[in-house]
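The values are calculated or read from the model by the stated rules, or taken from the named source; none is laboratory data. The structure displayed is predicted, hence computed values, not measured ones. FYI the Cβ positions are ideal-geometry reconstructions off the backbone, even for glycines, and counts take in every protein chain you see.
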Amino acid sequence: MDTAFKDNLDQYISKLQRIAIRLNGVRGAHPLRIGREGAAIAMRSTRLFLSYCALVNLFRRNIELVSEPFCVALVIVPVGWQLTDVKEAAKIIFKDEKVRFYIHPEAKSRRGWDIDPAEELIFGKLIIFATEGSPVHEDFELAATVRDRLRTCDIRHLRALAKLRGCGDITDNQAALIAEQPSERMEAIFRIGQPARRAALRLTELGPKRPVTEEVKHLDLSKGFGEAGDWAQELKKDLREWRDGKLPWSEVDKGCLLYGPPGTGKTRFAAALAAECDMHLEATSISRWQSSKDGHLGDLLKAMYRSFANAKEKAPCLLFLDEFDSIGDRSKFVSSYADYSIQVVNGLLECIDGIEGREGVVVVGACNHPERIDPALVRSGRLEKHIRFPLPDANARAQILAFHLPSLADEPLLKEIAAKLPGTSGADLERLSRDARRVARLERRSVTIDDVRGKIAPLPVLNDDYQLQIAIHESGHALIAHTLKVGRVERVEIFDNVENFATDVDAHGITVTDQPKVPFKTKSQVMNRIAMLLAGAAAEDLFYGDRSTTASGTNNSDFAKATEIAVEMVTRWGFGKSPYYLPGSLNTSNPGELWRDHRLRTEVSEILQTEYARARDMLSGLKQTLIAFATELARHKRLQGDQLEGLWPEPSAPGGYGGRKC
C-alpha cells in the first residue's frame, strides 16, 4: 500500500475515533475505539459500518444541537439504505445514553397517518429516521431541532471499510461507482479478503446502458411530433431561462402525459426530449417498481422514492415513467387489493408534489389508456400537460422513414411508399427500415428503394365487385350523415389499391364529415351519430341481403365506435331507460366488466339494434339514390364538392326520405 495513502487513511480513522470520543464525552460513556470496536463493526456488517461512519459525520456537523439534553433530530436516509441499519448504528454511537430511536413509516395509510407523534415527542432526546422522498408527519417537522440528510458512502468511508475487511485499494472512480449502489450490494462488493476493485470492474461491465443513444440525440423533435414537438421547444426555452436565473421554477411545466397507441414514439420522444434540453434522463416504470424485491408495498414505495430521489440529485432531470396507466384509478380498484393500490397512488402523489419540492425535475408519463389514470395525478400542477401521440400521417411517415434511411431521404418514391402505409406506427416503420438495411448489408451494398419495397406486403387488389360493395357501404354512411345532418360530408372515397390508395386510415373506403362544434348535444343528435356509423353495414344488408367484416374487427371500426357511444349514453349522459349518473359506478375502460353488466348490455344492445333498423329503413326509402350514389363512387373512386351536391336526395317533410335530385 502507498505510504502517503496509508498515513492519510490512518489519520482519517483516528479522526473518526476522536469524533466518537467527543460524542461519548458529551454523555460520559466509554469512548469508541475504531481499532477494535470499529473494526468489529466492519467485520460484522458493511452496511452497519457505513451507516455508523455517516452518522458520526452527521452528528459532528450538528454537535452542539445534538449535545443538548432536549433534542429532536430528523435524519433523512437516502433511498436504498435500510432504516434498521442506520438505527442500529445510532444505538452503538449512543450506547448507555437515554435516547429514543424511531423509524418513521414510509407512507400514509388510506385513512391518513396511523402514528401519534405525541407518544414519541415526550422523550427528551429523540432521533427519527425517515426515507428520503417519503412524507414526514407535520408534528415531527415542527419539533425538529436538527434536520439533516445522511451522507452515506463517503469515499473515505469506503476506503476505510476496504482496509478493515482486507479488500485492498480502490480508485476514486471505482469508489464513486460503488457509492451509487444500494446498501444490499455492499456485502457482495466488500467480501472479506476479496479485492473490492474486482467487484467495481464488474459493476462497470454490468452497469446500466445509456438511456439515450446517439440516434435519439439526433432525432429532430420539430418533425413528425406535432404538438409534442412544439411543447418540447417551449420547455427547452423555459429551462434555458431557468438555468440563467431569468425564470423561476414555478413558471416551468412540471409534467406531461404522453398518450396514444403502442409504437407511436412516446418513449423515443422522451429520450430525445431529455437530450434536446440537456437534461439527465431517469427512466423507469410502474412495473419496475412493482418487481423490486418481493413486490411488497414497502418494496414498491422504496423503489418509487428512489427514482424521485435520484432525479432530484441529478437535476435538471427528466423522470420518465412508462406504463403510467398501470397506476390505476383509486375509484375503480376492486376491494381485494384496494388498500395496496390506493397507497401506491397516494405515494406517487406525495412524490410528484414533494414537500421539499422537485425543482429541476420534469416528470413525463407515457401510456396507451389515459382514461384509466387517477384524475388527481393528471390535474394542474402535476402531469398537467396532455399530448396525444396518434399514429403518424402520410407526411410524418415519410419523415420517419427518411430519418431511419438517411441515404434515401431525398428519394421521391420514399414519400409514395410512406403514403401507402396508413395505420403503421413509428415502431413499424423503424422495423421496415431495419429489414431493408439488413438486405443491403448482406449483399454488401447501399440500401435502395427496392429494398424497402421488397419488405412491404403487397396490398390486395379490389376487383369491380369488391369496389361496388365498398361503394355501397360508404354511400350508406354519406346518405344518412347528410339526411340526419350529422355533419357536412366533405368527401367519400374508395380504394382499389391499383390507382387509389388509402393514406389516412387503414381501410377500403372512407367518408369524411365536418363535425360542427356545439356546446352540448341532444339525445337525438347522439342517436343520429350512431345511426350514421351503422349505416354502412345497413346499406350492405339492404343491397346484398348480407353484410361484410368491413364494419367491425378493430377498435376504430364502425361497430366499435357506435358501441362506445351507446355505452356513454347509458352510463354517462343519462340517455338510457333511467336518467341516472353515478361517477365511478362502472369501469367503462374494462370491456369484461361491461360485458358482465347484463342490464347495461341489454340497454346498449337495444340502442344499437334500434339505430341499425332505423338506418336500414331510411336507406330502403332511398334505395335508388343509394344505387346511383354507389355507382358514381365506384366509377370515380372519389366524390366531393359539386359531385356530391348532384347526388343528395330531395328534402322532404319530417319523417320522409325524399328522392334523388335530377
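One table, with the values for the structure above:
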{"read-out": "Test result for I115, β-branched (V, I, T), assigned by TED's automatic domain parsing to the domain that holds L58, farther than 23 Å from A42 by Cβ and without any contact (Cβ under 8 Å) to a residue 40 or more places away in the chain", "value": "yes"}
{"read-out": "Test: residue in region 221-229 that is outside the structural domain of H404 (by TED's automatic domain parsing), more than 30 Å from A162 (Cα to Cα) and modelled with pLDDT of 90 or more", "value": "no"}
{"read-out": "Helices (runs of 4 or more DSSP H) (entirely within region 593-654) containing at least 1 residues that are of a type in the set (S, T, Y), without any contact (Cβ under 8 Å) to a residue 12 or more places away in the chain and surrounded by fewer than 20 Cβ atoms within 10 Å (Cβ to Cβ)", "value": "598-621"}
{"read-out": "Conditions (1) at pLDDT below 90; (2) not hydrophobic (A, V, I, L, M, F, W, C); (3) not in a helix (DSSP H, G or I): number failed by T513", "value": "(1)"}
{"read-out": "When residues of region 129-168 are limited to those that are out of contact with any Pro (no Cβ under 9 Å at 6 or more places or on another chain) and among the charged types (D, E, K, R), the one farthest from L201 (Cα to Cα)", "value": "E141"}
{"read-out": "Top-ranked residue of region 152-175 - restricted to ones that are under 17 Å from S51 (Cα atoms), modelled with pLDDT under 90 and within 37 Å of the chain's Cα centre (by Cα), ranked as surrounded by the most Cβ atoms within 10 Å (Cβ to Cβ)", "value": "T152"}
{"read-out": "Residue within region 367-377 that is in contact with a Gly (Cβ under 9 Å, 6 or more places away or on another chain), closer than 30 Å to E282 by Cα, crowded, with 20+ Cβ neighbours inside 10 Å and not assigned by TED's automatic domain parsing to the domain that holds A270 present", "value": "no"}
{"read-out": "Selected residue (only one of G536, G553, G545, G509 is in contact with a His (Cβ under 6 Å, 6 or more places away or on another chain), assigned by TED's automatic domain parsing to the domain that holds I627 and small (G, A, S))", "value": "G536"}
{"read-out": "Check on R437, in a helix (DSSP H, G or I), loosely packed, with under 14 Cβ neighbours inside 10 Å and without any contact (Cβ under 8 Å) to a residue 40 or more places away in the chain", "value": "no"}
{"read-out": "Scope region 254-283; condition closer than 15 Å to A315 by Cβ and in a loop (DSSP other than H, G, I, E, B); matching residues", "value": "K254, C277, D278, M279"}
{"read-out": "Unmet criterion (only one of (1) more than 31 Å from the chain's Cα centre (by Cα); (2) within 20 Å of E313 (Cα to Cα); (3) not assigned by TED's automatic domain parsing to the domain that holds T46) for M186", "value": "(2)"}
{"read-out": "Residue in region 480-498 that is modelled with pLDDT under 90, under 35 Å from the mean Cα position of the chain (by Cα) and farther than 18 Å from L401 by Cα present", "value": "no"}
{"read-out": "Selection within region 244-253 - of a type outside the set (A, V, I, L, M, F, W, C), in a helix (DSSP H, G or I) and closer than 28 Å to K302 by Cα", "value": "S250"}
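Per-residue answers, yes or no, for (1) free of Cβ contacts under 8 Å to residues at least 40 places away in the same chain; (2) under 30 Å from L429 (Cβ atoms); (3) buried (at least 22 other Cβ atoms within 10 Å of the Cβ):
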position: P248; (1), (2), (3): yes, no, no
position: E251; (1), (2), (3): yes, no, no
position: R268; (1), (2), (3): no, yes, no
position: A272; (1), (2), (3): no, yes, yes
position: A275; (1), (2), (3): no, yes, no
position: M279; (1), (2), (3): no, yes, yes
position: L300; (1), (2), (3): no, no, yes
